[in-house]
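Each remark here refers to the structure printed beneath this line.
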Amino acid sequence: MSSPHLSPSPLVLSSSLSYRTVLPLTACGDVCITGHDSGPVFEEQPSSVVYPEGLSKGTVTLNCQARASPAATYRWHVNGTNVPVGDLRYTLVAGNLVISGPQYGSDGGSYQCLAMNRCGTVLSRVANLKFGYLHDFSGEGQSPQTVYEGAGAFLACQAPAHYPALSYRWFVNDFPSFVKPDGGRWFVSQVTGNLYLAKAEPNDTASYFCFTTIDMDISTKSTFSKANQLTVQPDGTGVKSAPAIKVRFPAETYALAGHTTQLECFAYGNPIPKLRWRKVDGLLPSKAGASAEGPILTLPEMTFHDEGVYECEAYNSEGRDKHQGRINVQAQPEWLQVMSDSEVEISSELHWTCVAAGKPRPSIRWLRNGQPLSTQVINLALEDSGMYQCVAENKHDTIYSNAELRVQVQAPDFRSNPVRRLVPAARGGQVMLECRPRAAPKPTLFWSRGTELLTNSSRVTVTPDGILWIHNISRADEGKYTCFAENYLGKANSTGHLSVRDATKITLAPSNADINQEENVTLQCHASHDPTMDLTFTWAHNGALLDLEDPAGPYHRETIGDLLIVSGQLSQAGTYSCTAQTVVDSASASAKLVVRGPPGPPGGLVVKNVAETSAELRWSRGYDNHSPIGKYVIMGCSPLSSGWRTMRTEPSNIEGNAESARVVGLLPWMDYEFQVIASNILGSGEPSMSSHTVRTQQAAPTVAPSGLGGGGGDRNELIITWTPMAREYQNGDGFGYILAFRKRNTPTWVVERVSNVESSRYVYSNQSLSPYCPFEVKIKAYNRKGEGPFSQIALVHSAPSFSQRCTVCGISTLKCCLQIRYWRQHEREAAADRVRTAGLETTARVAGLRPSTRYHVTVLAYNSAGTGPASPKSTVTTRRPPPNRPPGNVFWKTDGSWVTVRWDHVKALGNESAVLGYKVLYKHEGQSALKVLDKGKTSVTLPLPKDNGYVVLEIRSWGEGGDGAAHETIVSRDSEMKDRNLSQQNNPVLAGFEHLVLKCCLICRSGQNEAT
């Protein structure tokens, strides 16, 4: 990426004017009056115009308006010569040039406006008047083209002569039936105007016309070509082809900063190729938007960051093709530093600098009153006053910077800037008296006191520029002081009176203070001063002035000069300066405030020597805030923790002078971050920056899976189930389970590996497996580092026989039962759980399901002869669970023999079923009554027992997911309210969100059955 160029050095472009002269004053005619007149400054400048060629009755207006005093007059140049204003076709309206009936041969060219008055002349920017035209297409049509179906083709536009640039469209057969992209099959190049077809189809046979348009400032013109005949021959082979890029953007494209750049790319191919763009040497600018996948890459508002190599790739199922080219960004001139209006004395020196950036590097030239300057160092005289312009230009643009120079000559004059009439000063201090008359050339200056001419001494200094300094002032220095100014044009003087006052002194200076954090402190400051002047006090903290007027701030003015600091903080420690000040002098005194508090955060925390269950931490001591660090605490955070928690360490108590410790008790193969907190007798400080995330080393599992059990299944199956191991117990990757099982009272174990960490079930099938046979089962976990311990042995039975099953079902005639299989959506059917009905019932309840989960369900009938076919699979989704929170803020009020109970509405979370109402269970002496309320009611009125006994109320929400948790309240006439929250009272097996009710139709025939 390149950047705009600066000069004259490799990075700076500048040109300067230096004036040195001691020429005598020369008279000129019409003089620019200082303080009254001003040179012209452009408010409106001409802009380039494109005018339709052959339009004889129109006009062109080139604007030019300048602000000036006296008002500016105007002239115009075209191609460097005067425009004959007053001619019938050229009219000057204010400063605007109006051209009537512009003619191509005589009026085209570059126009500039000159605005002038007696202070000088300025030249406007250049405005070009050009003539736009669009000739007709050639009368000869192009030869017809024939292309085979599936191939690519293009039709050439061969646009006629024109100015300015054209826009292109094509229409088919009749106007205005314009060609559309049609999924990327068609493309019209805005560079050549040609029409491209990626893949021809039989219905593309037609006559095509190139339609061109030019836009000018006051009109638009269009024309179209003769017919271009395209014939598509059918091809039944359906041959496919890889993309071939036919429209290629240039290898080098020059873009202008701040403008829009477009690159074109289009390819033939079958199937129709898709296009995508990328920047080879960086990220494709996001401003490309959707054009990044189209035939024209559009990059608006170009910057130098957009410079680089761009690639277009065309691809389809048959292959791909690529093309690359570079965008070089250039820039118009832009001012970085400009000159400004200046008033200089006839014998002084002036230096003006202009700095411009651009690419290519701009050149710099200078104008004076619209004329080129041939030299940069000239002899300055009164006639050199005028309007100066710095001009920066490259091939993209020309810019102007204007400034007015006034060369002055006058006798000394104090009227606009006299010596101060009354100058107060403090005894023992110093004072400065200024003498700055207007004069050109620069005058000679000297001071007197009364009739005594003042010269430099131990207490008096007169500088070359006329400033009088008096040091160590006493009462004797009071009096009148006069400044005299003289040049060869005349003399002048101005007088002021020096008044000596008593000096300001600090009489009670603030004292150093030492406080603990959050304590208040007062810093005192008193001063004496001259009684004729006002005294003010200001305070500064470490040099920064304090705001004592903010009532919510920590700083307050307690008495006239005292400072009260409220709830001192560590950041408020430092140096406090009190300044007592009058209009003539000031006095200051300082004190240091120490604020003691908890330590600052330790720094440089690093983690080293990470093992399976421990890691070493090192840190550097933080600032102790004036109270020694007593100990450190290490905090840790892992993905399994809800936040930061205190970690176990070695040593367990980390002394305040320590800078390392070992964290122990970590989980293997777990990510951790650590912080260190220092504390002292004033409390614990802020934690250190968090360490980088570290992962402990892997280790073999140390615990066995839990929940081992099983049973059921189909004939010749042994089903073993367990609870999957949580992440914190896996200790490493490559995790799985090892199952060992054997028939009871046999010595040989069968060992099987299950490599899926989320597995919770294993099915062992063997044709020789006896029905309902007891097996001893144990399980352990393994990972890449090794195996863990086996669990306790559990007893699991293989699947029972058909007769056993029907006996369980309790059917003594046909011995026919139903088997319901259900499994979660992401599980295999082979892993399905099973429930059996009792006999020929067609409804069953399946319990123990997960809420908000999709299940697949099938039903099979079986009897002693075997299992029948499964019903079609059904899919059901369990409901969301009810809120697990009881109604809150329960309170009641008795009124005679009635009690009114109120509670807050239970709001369901996003993963819970909506609350449809509330249930209130009323219990008294073994009797109960249930009231069901709708959602809008959160209160109920109930009777109280007449015998001063008590009632028990249970209040819970209910909805589609079942009943929520209950709030139990004991109410009596003469006792205080007693509440106790109960956990969810409903059995999850009975909750509507965790069970399915299945209805089945059963047909049992001799030896076979069907279920739906």
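The values are calculated or read from the model by the stated rules, or taken from the named source; none is laboratory data. What you see is a predicted model; the values in this text were computed from it and never measured. Cβ atoms come from the backbone with ideal geometry, glycine included; neighbour counts cover every protein chain shown. Accessible surface is based on the protein model in full, side chains and every heavy atom, while ligands, DNA and RNA are left aside. Shrake-Rupley method; radii C 1.70, N 1.55, O 1.52, S 1.80 Å.
May I ask you to rank Val188, Val663, Val703, Val583 by accessible area, largest first, using a 1.4 Å probe over the protein chains only? All intermediate terms of the calculation are to be shown ahead of the outcome.
Working: Val188 30, Val663 0, Val703 55, Val583 120 Å².
Most to least solvent-accessible, the answer reads Val583, Val703, Val188, Val663.
For region 672-729, rounded, prolate or oblate, judged on the Cα gyration tensor with a ≥ b ≥ c (square roots of eigenvalues), a/c < 1.5 rounded, else prolate if a/b > b/c?
In terms of gyration-tensor shape, prolate.
What a 1.4 Å probe finds exposed on the chain is 49% carbon and sulfur by accessible area, rounded to a whole percent. Taking 0.36 nm per residue of separation and subtracting the current Cα-Cα distance, fully stretching the chain between Asn328 and Ala929 would add 207.7 nm.
The alpha carbon centroids of region 754-801 and region 615-669 are separated by 44 Å. For Lys743, the aspartates and glutamates whose Cα falls under 19 Å of its own Cα, not counting residues fewer than eight places away in the same chain, are Asp714, Glu717, Glu752, Glu776. For region 608-690, the fraction of C-alpha pairs more than 19 angstrom apart is 36%.
Tell me, what is the FRET efficiency for Tyr772 and Ser690 to the nearest 0.05, using R0 = 51 angstrom and their Cβ-Cβ distance as r? Intermediate results must be reported in sequence, preceding the final value.
On the way: r = 58 Å, r/R0 = 1.14.
That gives a FRET efficiency of 0.30.
Run the numbers for Lys287 and Leu545: contour at 0.36 nm per residue of separation, minus the present Cα-Cα distance, in nm.
Numbers: separation 258, 0.36 × 258 = 92.88 nm, distance 4.72 nm.
Full extension of this stretch gives 88.2 nm more.
Annotation: lysines with alpha-carbon distance below 19 angstrom to Lys221 (same-chain offsets under eight excluded): Lys57, Lys130.
Its relative contact order, with pairs defined as Cα atoms under 8 Å and 6+ residues apart, puts region 555-651 at 17 percent.
Which entries of Lys240/Lys287; Lys322/Lys359; Lys180/Lys322 show an alpha-carbon separation above 28 angstrom in the structure shown? Intermediate results must be reported in sequence, preceding the final value.
Working: Lys240/Lys287 35 Å; Lys322/Lys359 30 Å; Lys180/Lys322 25 Å.
Too far apart for the 28 Å limit: Lys240/Lys287; Lys322/Lys359.
The figure for Lys359 is an accessible area of roughly 30 square angstrom, using a 1.4 Å probe on the protein chains alone. Taking every protein chain into account, the 1.4 Å probe leaves Asp397 with about 60 Å² of accessible area, to the nearest ten.
What's the extension gain from Ile218 to Lys631 if we count 0.36 nm per residue and subtract their Cα-Cα distance? It would help to have the intermediate numbers written out before the result.
Details: separation 413, 0.36 × 413 = 148.68 nm, distance 8.39 nm.
So the extension gain works out to 140.3 nm.
Can you give me the C-alpha center-to-center distance between region 190-214 and region 100-115, rounded to a whole angstrom? About 40 Å separates the Cα centre of region 190-214 from the one of region 100-115. Mean separation of Cα pairs under 8 Å and 6 or more residues apart, divided by the residue count, gives the chain a relative contact order of 6 percent.
What does the charge count near Leu593 come to, summing +1 for each Lys or Arg and -1 for each Asp or Glu among other residues with Cβ under 12 Å from its Cβ? Can you show the working numbers first?
Details: positive: Lys592, Arg596; negative: Asp514, Glu519.
Every neighbour counted, the sum reads 0.
For Cα extents along the principal axes in Å, the value calculated from this model appears in (1) 141, 107, 70; (2) 128, 80, 53; (3) 94, 79, 69 under label (1). Note on Lys937: aspartates and glutamates with a C-alpha under 17 Å away, same-chain residues under 8 apart excluded, are Asp904, Glu954, Asp963. Packing, taken as the mean count of other beta carbons within 10 Å per residue, orders the peptides 746-756, 958-968, 35-45 from highest to lowest as 958-968, 35-45, 746-756. Other residues lying with their Cβ under 12 Å from the Cβ of Leu795 contribute a combined charge of +3, Lys and Arg counting +1, Asp and Glu -1. Inter-label distance, Arg427 to Glu758: 9.5 nm, where each label sits 7 Å from its Cα along the C-beta direction.
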